[in-house]
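The next block holds one structure in the form of structure tokens; read it before the comments.
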Amino acid sequence: MAILNFDASNVETVENDYTPLPVGEYKAVITASEVCETKSNPDNKYLKFTFEVIDGKYKGRKLFENLNLWRDGSSPKDEITMKIAQSNLAQMCRAVGMTSINNSEELHNKPLVVRVRVTPASADYGEGNAITAYKSLNGGNTLATVAPVSKTQAMPWEK
């Protein structure tokens with residue numbers, strides 16, 4: 001139990017919009033990344049990325065991408081799954097002007113363009129988004145690292 005002494009009457013609520021973004025390309029930055037275990041097999045891990053749109057009508061909206069980089073080899077599809085994830089990670093690295101990284105945080109706060117499609121609803125989830133490609137900003141002239149995304153701090157592209 002947590003004792004909060006919280007009064008909701010003094011807090012303004014924010015309406016969250018969880019509708020999928022329309023199909024298209026969006027300028028974004030990676031704001032977070034973490035290694036997670038799959039529910040079905042703790043030996044299978046994925047790298048979870050959080051992106052934030054940094055420009056246009058959908059500025060501030062979040063997108064998510066999971067790369068299945070570590071599989072235990074028990075499924076015949078594991079090798080293909082890892083190759084796809086590695087290909088996507090390579091595309092992400094190239095889009096921000098990097099050819100090698102030591103950790104996923106090196107990709108944070110570097111602007112890139114993500115191509116997004118809408119995924120259909122399933123039995124467990126409503127409609128969503130999937131990132132289908134990563135491209136560099138300005139045709140390969142990727143900007144340098146920008147300051148971390150913060151609601152109280154103006155970003156270079158906002159000036």
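Here are the numbers for this structure:
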{"quantity": "The chain, relative contact order in percent, only Cα pairs under 8 angstrom and at least six apart counted", "calculated": "23 percent"}
{"quantity": "Alpha-carbon centroids, segment 1-68 and segment 70-126: separation in whole Å", "calculated": "16 Å"}
{"quantity": "DSSP bridge orientation in the chain - percent antiparallel, rounded to nearest 5", "calculated": "95 percent"}
{"quantity": "Net charge over other residues, Cβ less than 13 angstrom from the Cβ of Thr50 (K, R count +1; D, E count -1)", "calculated": "-1"}
{"quantity": "16 Å reach of a label modelled at Val113, 7 Å along Cα-to-Cβ, counting backbone N of segment 25-40", "calculated": "25-29"}
{"quantity": "Summed side-chain charge close to Tyr134 - residues other than Tyr134 whose Cβ falls under 14 Å, Lys, Arg +1, Asp, Glu -1", "calculated": "+4"}
{"quantity": "Around Met98: net Lys/Arg minus Asp/Glu count, Cβ-Cβ under 15 Å", "calculated": "+1"}
{"quantity": "MRE, 222 nm, helices only [DSSP H, n ≥ 4, -39500 (n - 2.57), over the chain, to nearest 500]", "calculated": "-4000 deg cm²/dmol"}
{"quantity": "Nearest-0.05 FRET efficiency for Glu15 and Glu106, computed from C-beta distance (R0 41 Å)", "calculated": "0.75"}
{"quantity": "FRET efficiency estimate (nearest 0.05) - Cβ-Cβ, Met1 to Lys39, R0 30 angstrom", "calculated": "0.65"}
{"quantity": "Sorted by Cβ neighbour density within 10 Å, fewest at the top, the residues Phe64, Phe6", "calculated": "Phe6, Phe64"}
{"quantity": "Charged-residue dipole, Cβ positions (Lys, Arg, Asp, Glu), the chain about Cα centre, Debye nearest 20", "calculated": "600 debye"}
{"quantity": "Dipole of the chain, positive end: most advanced residue of Ala8, Asn129, Asn44 [Cβ charges, Cα centre]", "calculated": "Asn129"}
{"quantity": "Answer label, with semi-axes √(5λ) of the Cα gyration tensor in Å calculated from the coordinates and candidates [x] 25, 18, 14; [y] 30, 16, 14; [z] 27, 24, 17", "calculated": "[z]"}
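Every number in this text was worked out from the coordinates using simple rules, so none of it is lab data. What you are looking at is a predicted structure, and each value in this text was computed from that prediction instead of being measured. With ideal geometry, Cβ positions are generated from the backbone for all residues, glycine too; neighbour counts draw on all protein chains shown.
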